[in-house]
Amino acid sequence: MATTAGKILTVEEETKLLQPIDEYVSGIQKKIDALRLDGTTKVVDLQSSIDATRGDKVLTKAEQDKLIAGYKAEMEKAKAVESKNKAEVDKLIADAEGYLKAHFAKDYLEPVKASCAAEREAAKVAYQKNLAELERAHKADIAKIKDAAEIKDEKYVYKNKQFDAKVSYQQELQRIKDRQHEAFVYEYHLIDLLRMSKFTFGENMAQKREHYAYTFNTRTFLLNNGLYIAIVLVFAALCAITPAVKGTQLLTTTNVLNILQQASPRIFLALGVGGLILQTGTDLSIGRMVGMCMVISTAIMHLGPNTGTIFGVALDLTSLAVPVRVILALLVNIVLCTAFSALAGFFTARFKMHWFISTMANMLIIFGLMTYATKGVSFGAIEPTIPNMVIPKLGSFPTIILWAVAAIAIVWFIWNKTTFGKNMYAVGGNPEAASVSGINVFAVSIGVFILAGILYGFGSWLECIRMVGSGSAAYGQGWETDAIAACVVGGISFTGGIGKISGITIGVLIFTALTYSLTILGIDTNLQFVCSGIIILVAVTLDCLKYVQKK
């Protein structure tokens, strides 16, 4: 059976093509296994025995030490055998790999690929023929029927037959795809046995590319990346429009550094609320915490005596050294943000209060207190030497970016490499199951709020230094929506337990870059809110679609 695409191989023919390769490599593999028996294989088995002995709680320490000493003595002998046979083993492996390189693709893989291409073509022709036959039969049946209800039933049956034909066609395509994939990975299966799971960088990349192509699904790809693609296209359009409208380039080194500089404090806030969203929560008080920290930081690091007062008290900390005031401002910010955040966390975790309510209450309390305490007065600027002390520029490079990079690294480590981080994902995914498995859900929930408070305080402190002060309680209005939106766009799911630090970082950069670009173009701030709202709506819609698809 042949087509224009090539010959379709039967199972027997494909097996016959593979047989000489299998026989040659298997013969070498047997020799390698014999050489490894008292060497490498024994070393692996002895190491497993040592690990098992160390974890055996039944044995005493003395018994463990005695057994391990015996295993280690045997291991030294096995390593000597391994070393003695290494050159011969390497020579045999090189022989087998040379044979695979010369024969596997040419004698087996390429004919299988050609066969699969022919099978796909044949399946397509058969599918189209089946559809044509169904249509012919449907028209013939319709011509015989006069009753409207029967005609409707016949149309319904015809649609079902079309659907069944499509499903059968898709199943056949998947079978062909599986066959080609299995032929590809078989070579790496042989190499895996020869080298005991040691692949080169190029081989790992080849396997990853094949796996990506094999598992690729257009609908899933668009669900996961459609928003990013749209935003990249919009940003590309802005880069093209800006020179014509404003006579300046948007994508310059200066603009990129400005975007990264503006994004740096916001990354702290997004990392904080990202942990809450991971628990299916949120935080509406972020912006007000930023305003509170701007007031406190400016008051502590103020240039000269404060002209404003807090609860009627005019702070004058100029007698303290500038570095002391800088550290004091950071500590006070962290303590206040952590205290308020932990308070919201307590009501949420202890009384099962909805995150929206507990954080909204926080927002109102903080804003009310700060506005009343300062009478709405701005505190002005901080000491001008502080920015160069904390976030100096190295040439044109703003080092505030390094603070953000450090925060990303630390939070990534907490999320991915600590027990607390693993418990966060578990509680976010299914709190009931986490509780049954022994995780303290209350402690994890409070811990997430505390971590968020620390990040809010640190990020606000950096923002105050970046802006050289401000001291207005109104500062930070709307920042909570930016932080939440960045997380959602970055893939932190409101369904809980799903999200990555890299996604949060990308989300912050997307929103900061978009806002910066629209500002350069002179787009009204209110229209920028509309743009942000649309992005959030699309991001959450895609997240919901992914959740529905999993269900």
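The values are calculated or read from the model by the stated rules, or taken from the named source; none is laboratory data. This is a predicted model, so every value here is computed, not measured. FYI the Cβ positions are ideal-geometry reconstructions off the backbone, even for glycines, and counts take in every protein chain you see.
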Note to self: Tell me whether segment 367-381 contains one or more residues that are within 30 Å of residue 500 (Cβ to Cβ) and of a type in the set (D, E, K, R).
What the structure shows: no
Check: Does residue 525 qualify as being surrounded by fewer than 19 Cβ atoms within 10 Å (Cβ to Cβ), among the hydroxyl-bearing types (Ser, Thr, Tyr), farther than 26 Å from residue 224 by Cβ and free of Cβ contacts under 8 Å to residues at least 24 places away in the same chain?
Finding: yes
Note to self: If I go through segment 342-372 residue by residue, how many of them are within 30 Å of residue 390 (Cα to Cα) and out of contact with any Ser or Thr (no Cβ under 8 Å at 6 or more places or on another chain)?
What the structure shows: 5
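Select from segment 160-213 the residues that are of a type in the set (Ser, Thr, Tyr), within 30 Å of residue 43 (Cα to Cα) and surrounded by 13 or more Cβ atoms within 10 Å (Cβ to Cβ) and list them in ascending order.
Pass one, segment 160-213, residues of a type in the set (Ser, Thr, Tyr): 168-169, 186, 188, 197, 200, 212.
Then drop every residue that is not within 30 Å of residue 43 (Cα to Cα), which leaves 186, 188, 197, 200.
Within segment 160-213, 186, 188 meet the criteria.
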Margin query: Looking at segment 26-40 only, could you name the residues that are polar (S, T, N, Q) and crowded, with 16+ Cβ neighbours inside 10 Å?
Written below: 29, 40
Item checked: Scan of segment 81-104 for residues that are touching a residue at least 12 places away in the same chain (Cβ under 8 Å) and of a type in the set (A, V, I, L, M, F, W, C), ordered by number -> 81, 89, 92, 93, 96, 100, 104
Note to self: For segment 282-294, check the following and say yes or no: at least one residue is surrounded by 24 or more Cβ atoms within 10 Å (Cβ to Cβ), assigned to a loop (DSSP other than H, G, I, E, B) and touching a residue at least 40 places away in the same chain (Cβ under 8 Å).
What the structure shows: yes
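Only one of 421, 459 is part of a helix (DSSP H, G or I), touching a residue at least 24 places away in the same chain (Cβ under 8 Å) and under 24 Å from the mean Cα position of the chain (by Cα); which?
Values: 421 fails: touching a residue at least 24 places away in the same chain (Cβ under 8 Å).
Within the list 421, 459, the selection yields 459.
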Checklist line | Positions within segment 257-296 being among the polar types (S, T, N, Q) and under 21 Å from residue 402 (Cα atoms), in sequence order | finding: 258, 261, 262, 264
Item checked: Complete set of residues in segment 311-328 that are free of Cβ contacts under 8 Å to residues at least 60 places away in the same chain, within 24 Å of residue 371 (Cβ to Cβ) and part of a loop (DSSP other than H, G, I, E, B) -> 312, 314, 315, 316, 317
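Please determine whether any residue of segment 303-310 is assigned to a loop (DSSP other than H, G, I, E, B), of a type outside the set (Gly, Ala, Ser) and touching a strand residue (DSSP E or B) at 6+ places or on another chain (Cβ under 6 Å).
At the first step, the residues of segment 303-310 found to be assigned to a loop (DSSP other than H, G, I, E, B) are 303-309.
When the remaining residues are screened for being of a type outside the set (Gly, Ala, Ser), the result is 303, 305-307, 309.
Still in the list and also touching a strand residue (DSSP E or B) at 6+ places or on another chain (Cβ under 6 Å): 303.
Yes - at least one qualifying residue is present in segment 303-310.
Here is a yes/no grid of residues against (1) more than 25 Å from residue 12 (Cα to Cα); (2) touching a Leu at 6+ places or on another chain (Cβ under 6 Å):
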| position | (1), (2) |
| --- | --- |
| 79 | yes, no |
| 86 | yes, no |
| 95 | yes, no |
| 98 | yes, no |
| 108 | no, yes |
| 119 | no, no |
| 126 | no, no |
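Take the residues in segment 388-418 that are in a helix (DSSP H, G or I) and polar (S, T, N, Q); name whichever of them is farthest from the chain's Cα centre (by Cα). Steps first, answer last, please.
Within segment 388-418, the first condition is being in a helix (DSSP H, G or I), and the residues that meet it are 388-390, 400-417.
From the residues that got through so far, the ones that are polar (S, T, N, Q) too are 388, 416.
Details: 388: 34, 416: 11 Å.
In this case the residue turns out to be 388.
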Note to self: Step by step: first the residues of segment 466-492, then only those that are among the β-branched types (Val, Ile, Thr) and crowded, with 24+ Cβ neighbours inside 10 Å, then the one that is nearest to residue 340 (Cα to Cα). Which residue is that?
What the structure shows: 484
Notebook entry, point to check: Looking at segment 329-378, which of its residues are of a type in the set (D, E, K, R), outside any helix (DSSP H, G or I) and within 31 Å of the chain's Cα centre (by Cα)?
Noted result: 352
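Identify, from the list 443, 433, 452, the residue that is part of a helix (DSSP H, G or I), buried (at least 19 other Cβ atoms within 10 Å of the Cβ) and of a type in the set (Gly, Ala, Ser). Spell out how you get there, then give the answer.
Details: 443 fails: buried (at least 19 other Cβ atoms within 10 Å of the Cβ); 433 fails: buried (at least 19 other Cβ atoms within 10 Å of the Cβ).
The conditions single out 452.
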Margin query: Condition first: more than 17 Å from residue 453 (Cα to Cα), modelled with pLDDT under 95 and crowded, with 20+ Cβ neighbours inside 10 Å. Can you find one or more residues in segment 355-370 that meet it?
Written below: yes
